[in-house]
Amino acid sequence: MTDLSDLFGLAGKTAFISGSSRGIGFAMAKALASGGATVIINGRDEDHVQKALGSLAESGIQAIGSTFDVTVAEDVEREIGRLEAERGPIDILVNNAGMQHRAPFADFPLDMFDRLMRTNLYSAFYVTRPVVRSMMARKTGSIINICSVQSELGRSSIVPYTASKGAMKMLTKGLATELGPHGIRVNGIGPGYFRTELNEALVQDAEFSRWLVGRTPLARWGEVDELGGAAIFLASDASSFMTGQIIYVDGGMTGSV
Ligand code: NDP
């Protein structure tokens, strides 16, 4: 009989999760740590990173903090290099950092478009490059890109976000194709609607909540801890023959009209 800890266990692995001081990134870090991985918590704000480390410590999890902005290519190269030199190789990379800005397309501020693309897309390119060089040398690794239901579905007032998440889906498939022969798997998770700071405006909007519950077959918002299972599955040997795929954890939204 297959031992579940052989299939899903992450003991001895190190995971870097970009943007994991709160929200979805934090929930996935907690899940990967519960599977036995050493997790590296990242964010721009040192206080938030320390708070996240403190909260994990209360659950008996000793994690590593790494405060830097994933949209600054030179900082990413330096900090990923430092982490691997001091803590050992990164086996699991979760490209999670992201932001939202809502505005009609015709008035969408140019500087905000630039910031959003840098945060949601460029950051994944910047972080994956150095991590992949070291994974290629070891011929192993799992990369998880955080996509969205907006990788598949349009929505008015968030056109640039939709473009960035569509690009994350194709970054996943492109990387999976190029890196498969090097023993590296690249998959994505597409969350539906979860109550986090990024969605604060929607969480406060009763009319939106009513629409969301009606539009989602499971008839509710998602809870961030419900993303942990997909993260453990894609990080672990349980998904050893899977690459280039996106798992939508969305209460059925992308499966239904
Ligand atoms: P939150 O705003 O709640 O958290 C974002 C996290 O990323 C924080 O830890 C933040 O910390 C960090 N972060 C933001 N920018 C940077 C940066 N430049 N460098 C390093 N860290 C950064 O967002 P969510 O948890 O809601 O979203 C996480 C991901 O999930 C995003 O990619 C989002 O698009 C995606 N997603 C979310 C959905 C939802 O319903 N919430 C649905 C579908 C996808 P700090 O600000 O201190 O840097």
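Condition first: of a type outside the set (Phe, Trp, Tyr), near the ligand (Cβ under 9 Å from one of its atoms) and out of contact with any Asp or Glu (no Cβ under 9 Å at 6 or more places or on another chain). Now tell me which residues in region 152-172 satisfy that. Spell out the reasoning first.
Going through region 152-172, the residues of a type outside the set (Phe, Trp, Tyr) turn out to be 152-160, 162-172.
Remaining after also requiring near the ligand (Cβ under 9 Å from one of its atoms): 164-165, 168.
Matches in region 152-172: Ser164, Met168.
Of all residues in region 104-161, how many are assigned to a loop (DSSP other than H, G, I, E, B) and in contact (Cβ under 8 Å) with a residue 60 or more places away in the chain? Even if it seems obvious, please write down each step before you answer.
Applying the first criterion (assigned to a loop (DSSP other than H, G, I, E, B)) to region 104-161 yields 104, 108-109, 139-140, 147-148, 152-158.
Still in the list and also in contact (Cβ under 8 Å) with a residue 60 or more places away in the chain: 147, 152-153.
Here the count works out to 3.
Among (1) near the ligand (Cβ under 9 Å from one of its atoms); (2) surrounded by 21 or more Cβ atoms within 10 Å (Cβ to Cβ); (3) not in a helix (DSSP H, G or I), where does Met99 come up short?
Here Met99 meets the rest and fails (2).
Residue-wise test of (1) over 25 Å from Met168 (Cα atoms); (2) near the ligand (Cβ under 10 Å from one of its atoms).
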| position | (1), (2) |
| --- | --- |
| Ile41 | no, yes |
| His48 | yes, yes |
| Asp75 | no, yes |
| Asp107 | no, no |
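Scanning for something more than 13 Å from Thr71 (Cα to Cα), away from the ligand (no atom under 15 Å from the Cβ) and of a type in the set (Val, Ile, Thr), does region 138-150 turn up at least one residue?
Applying the first criterion (more than 13 Å from Thr71 (Cα to Cα)) to region 138-150 yields 138-150.
Subsequent filtering for residues that are away from the ligand (no atom under 15 Å from the Cβ) retains 138-142.
Checking the rest, the ones that are also of a type in the set (Val, Ile, Thr) come to 140.
Looking through region 138-150, at least one residue is more than 13 Å from Thr71 (Cα to Cα), away from the ligand (no atom under 15 Å from the Cβ) and of a type in the set (Val, Ile, Thr).
Please state which one of Arg87, Arg82, Arg78, Arg44 is within 27 Å of Glu200 (Cβ to Cβ) and surrounded by fewer than 20 Cβ atoms within 10 Å (Cβ to Cβ). I'd like the intermediate steps shown before the answer.
Values: Arg87 fails: within 27 Å of Glu200 (Cβ to Cβ); Arg82 fails: within 27 Å of Glu200 (Cβ to Cβ); Arg78 fails: within 27 Å of Glu200 (Cβ to Cβ).
Only one candidate passes the filter, namely Arg44.
Among the residues of region 37-63, count how many are out of contact with any helix residue (DSSP H, G or I) (no Cβ under 6 Å at 6 or more places or on another chain), within 25 Å of Ile232 (Cβ to Cβ), without any contact (Cβ under 8 Å) to a residue 60 or more places away in the chain and not in a helix (DSSP H, G or I). Full working, then the answer.
In the first step, residues of region 37-63 are kept if they are out of contact with any helix residue (DSSP H, G or I) (no Cβ under 6 Å at 6 or more places or on another chain); the result is 37-38, 40, 42, 44-51, 53-60, 62.
This time we only want the ones that are within 25 Å of Ile232 (Cβ to Cβ), so: 37-38, 40, 42, 48-49, 51, 53-60, 62.
Now narrow it down to the ones that are without any contact (Cβ under 8 Å) to a residue 60 or more places away in the chain: 38, 40, 42, 48-49, 51, 53-60, 62.
Next cut, not in a helix (DSSP H, G or I) only: 38, 40, 42, 59-60, 62.
Residues in region 37-63 being out of contact with any helix residue (DSSP H, G or I) (no Cβ under 6 Å at 6 or more places or on another chain), within 25 Å of Ile232 (Cβ to Cβ), without any contact (Cβ under 8 Å) to a residue 60 or more places away in the chain and not in a helix (DSSP H, G or I): 6 in total.
If only one of Arg155, Arg118, Arg133, Arg138 is closer than 24 Å to Gly81 by Cβ, surrounded by fewer than 21 Cβ atoms within 10 Å (Cβ to Cβ) and in contact with a Ser or Thr (Cβ under 9 Å, 6 or more places away or on another chain), which one is it?
Working: Arg155 fails: closer than 24 Å to Gly81 by Cβ; Arg133 fails: in contact with a Ser or Thr (Cβ under 9 Å, 6 or more places away or on another chain); Arg138 fails: in contact with a Ser or Thr (Cβ under 9 Å, 6 or more places away or on another chain).
Residue meeting the stated conditions: Arg118.
Across region 15-36, which residue is nearest to the ligand (Cβ to nearest atom) among those that are more than 17 Å from Val127 (Cβ to Cβ) and free of Cβ contacts under 8 Å to residues at least 60 places away in the same chain?
Ala33
Any read-out appearing in this document is the output of simple, stated calculations on the displayed coordinates, not a laboratory observation. No experiment lies behind these values; they were computed from the predicted model shown. Note that we place each Cβ from the backbone using ideal geometry, even for glycine, and neighbour counts take in every protein chain shown.
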